[in-house]
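The values are calculated or read from the model by the stated rules, or taken from the named source; none is laboratory data. Here the structure is a predicted model, which means the values were calculated and not measured. Every residue, glycine among them, receives a Cβ derived from its backbone with ideal geometry; neighbour counts consider all protein chains shown. Only protein heavy atoms, including side chains, enter the accessible area calculation; ligands, DNA and RNA are left aside. Shrake-Rupley method; radii C 1.70, N 1.55, O 1.52, S 1.80 Å.
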Amino acid sequence: MALKCVPIFFCSQKPQSLPEIPALGYSRGRLVLDLRPIRLECCALGASAQSAICLVEDEKPGAKTSPTGKIDKDGNTISRGFHKDLNLLPKPLSKTDLSPFPDDGSNVRVAFQGISGAYGEDAALKAYPNCETVPCDQFEAAFNAVELWLVDKAVLPIENSVGGSLHRNYDFLLRHRLHIVREVLLVVNHCLLALPGVEKQEVKRVLSHPQALAQCEMALTKMGIVRVSADDSAGAAKIVASSGRRDMGAIASARAAALYGLDILAEKVQDEDDNVTRYLVLTREPIIPRTDRLYKTSIVFTLEEGPGMLFKALAVFSLRGINLSKIESRPQKGRPLRVVDDSNKGSAKYFDYLFYIDFEASMAEKRAQNALEHLQEYARFLRVLGCYPMDEVL
């Protein structure tokens with residue numbers, strides 16, 4: 001006999017109908033309100049009765065049931081077939097249903113620093129090919145855009161294989177409460193751009209971002225070209241396109257040349273051919289770490305004072321076979337100096353540092369969890385900035 005849960009009501013009055021109420025259901029992760037009424041009837045009891053049991057329809061003694069039928073008032077079985085269209089039945093949730101955004105980035109707004117044609121936009125389109133890119137004039141404006149729900153994500157550079165780390169963005173990672181959910185490795189191809197029909201020897205001045213100019217210093221010196229700083233590389237290409245000057249060029253990407261109608265006079269004018277910039281994708285919510293592929297975890301911490309504290313902090317990863325791919329130190333702006341007592345010469349002042357570390361392990365792994373638990377024994381402050389899949393240079 002099938003058991004069903006039914007409400008039990010107690011009363012001493014004549015049976016009467018109760019109000020019709022809607023029912024709640026659950027479908028594909030959403031609460032559904034069923035507006036079809038369910039009529040509940042009260043079971044009349046004597047004054048001495050303390051409890052009552054109301055049998056549901058298919059629990060009447062002696063009634064025979066079938067797996068696909070129900071019983072009428074006379075105890076007869078009413079045939080009922082299975083649902084004919086199985087496609088209309090609720091389906092189990094999949095990984096795609098739990099993902100807030102499609103993998104191709106459709107319907108996703110991504111902020112970057114610069115204007116259209118900047119390398120940051122190239123990184124955003126590499127990560128999310130069908131996304132809507134949103135230019136920002138400053139790096140912190142991109143952080144703010146995510147926090148204010150103006151965009152869904154931000155793509156910002158954190159280090160370059162030639163120019164090194166972008167320290168300002170490290171400071172923003174700590175200042176803002178965003179989470180790293182992805183990294184993008186973008187191969188940089190600096191191109192010398194000029195107006196259509198201009199020859200390379202006609203260019204006497206070139207505009208670009210200071211870091212791009214520094215990465216092309218030797219090549220531009222050989223050409224005898226004067227370097228002029230601009231806010232960003234794509235902005236420099238736009239200035240050249242609007243100026244109409246044949247003696248002016250820009251260092252920018254090939255996509256910037258196509259956007260602003262410029263000719264590419266030379267490609268890969270950077271001093272080092274292997275020029276890669278690493279970008280971080282930031283969102284308001286972290287992703288769930290997994291173990292089905294290589295993951296990287298980024299943290300920031302400060303240490304207690306004492307000899308060998310940094311050695312002990314790094315040893316928690318070595319003891320568990322975890323590789324460190326990046327370590328960066330930044331002075332702690334809130335308290336840049338630390339006073340330490342010295343028994344011989346009184347007190348001494350030292351810089352108080354924040355340490356940023358990237359290690360190759362997922363937070364879903366027990367060894368990573370144990371390493372951070374061990375690190376907390378030496379750290380005064382510890383924060384996980386994000387755990388995300390590792391990218392590859394294509």
Subset tally (residues that are over 22 Å from Val226 (Cβ atoms) and open to solvent by less than 30 Å² (accessible area, probe 1.4 Å)) for region 189-199: 0
Single condition Leu265 does not satisfy, out of (1) under 30 Å from Val203 (Cβ atoms); (2) open to solvent by 60 Å² or more (accessible area, probe 1.4 Å): (2)
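Filter region 334-364 down to residues that are in contact with a Pro (Cβ under 8 Å, 6 or more places away or on another chain) and modelled with pLDDT of 95 or more and give me whichever is surrounded by the fewest Cβ atoms within 10 Å (Cβ to Cβ). Quick ask: steps written out before the conclusion?
Going residue by residue through region 334-364, those that are in contact with a Pro (Cβ under 8 Å, 6 or more places away or on another chain) are 351-354, 362-364.
In the following step, the residues that additionally are modelled with pLDDT of 95 or more were identified as 362-364.
Working: Ser362: 21, Met363: 18, Ala364: 14.
Going through the qualifying residues, I end up with Ala364.
Matching residues to (1) at pLDDT below 95; (2) farther than 23 Å from His167 by Cα:
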site: Leu280; (1), (2): no, no
site: Pro289; (1), (2): yes, yes
site: Arg293; (1), (2): yes, yes
site: Lys296; (1), (2): no, no
site: Phe301; (1), (2): no, no
site: Gly306; (1), (2): yes, yes
site: Met309; (1), (2): yes, yes
site: Ala315; (1), (2): no, yes
site: Gly321; (1), (2): no, yes
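Determine whether Leu213 is under 30 Å from Tyr353 (Cβ atoms) and part of a helix (DSSP H, G or I). Before you say what the answer is, go through the steps one by one.
Working: under 30 Å from Tyr353 (Cβ atoms): no; part of a helix (DSSP H, G or I): yes.
Spelling it out, it is not the case that Leu213 is under 30 Å from Tyr353 (Cβ atoms) and part of a helix (DSSP H, G or I).
Outside the structural domain of Ala127 (by the TED database), modelled with pLDDT under 95 and either over 20 Å from Asp122 (Cβ atoms) or in contact with a His (Cβ under 9 Å, 6 or more places away or on another chain) (or both): which single residue out of Ala214, Ala236, Ala230 fits that description? Spell out the reasoning first.
Numbers: Ala214 fails: either over 20 Å from Asp122 (Cβ atoms) or in contact with a His (Cβ under 9 Å, 6 or more places away or on another chain) (or both); Ala236 fails: modelled with pLDDT under 95.
After ruling out the rest, the residue left standing is Ala230.
How many residues are among the basic types (Lys, Arg) and open to solvent by 20 Å² or more (accessible area, probe 1.4 Å) if we restrict to region 122-159? Working first, answer last.
Within region 122-159, the first condition is being among the basic types (Lys, Arg), and the residues that meet it are 126, 153.
Adding the requirement that they be open to solvent by 20 Å² or more (accessible area, probe 1.4 Å) leaves 126.
Matching residues across region 122-159 total 1.
The rows are residues; the columns are (1) touching a Pro at 6+ places or on another chain (Cβ under 6 Å); (2) assigned to a loop (DSSP other than H, G, I, E, B); (3) surrounded by fewer than 23 Cβ atoms within 10 Å (Cβ to Cβ).
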{"site": "Asp231", "(1), (2), (3)": "no, yes, yes"}
{"site": "Ala237", "(1), (2), (3)": "no, no, no"}
{"site": "Ala241", "(1), (2), (3)": "no, no, yes"}
{"site": "Ala250", "(1), (2), (3)": "no, no, no"}
Any pair with Cβ under 7 angstrom, 6 or more apart, that starts in region 302-315 at a residue that is farther than 13 Å from Leu375 by Cβ and charged (D, E, K, R) and ends at one that is surrounded by fewer than 11 Cβ atoms within 10 Å (Cβ to Cβ) and at pLDDT 90 or above: none
Residues of region 352-373 satisfying the condition of being part of a loop (DSSP other than H, G, I, E, B) and closer than 17 Å to Pro289 by Cα: Glu360, Ala361, Ser362, Met363, Ala364, Glu365
Condition broken by Val162, with the remaining ones in (1) surrounded by fewer than 15 Cβ atoms within 10 Å (Cβ to Cβ); (2) modelled with pLDDT under 90; (3) assigned to a loop (DSSP other than H, G, I, E, B) satisfied: (1)
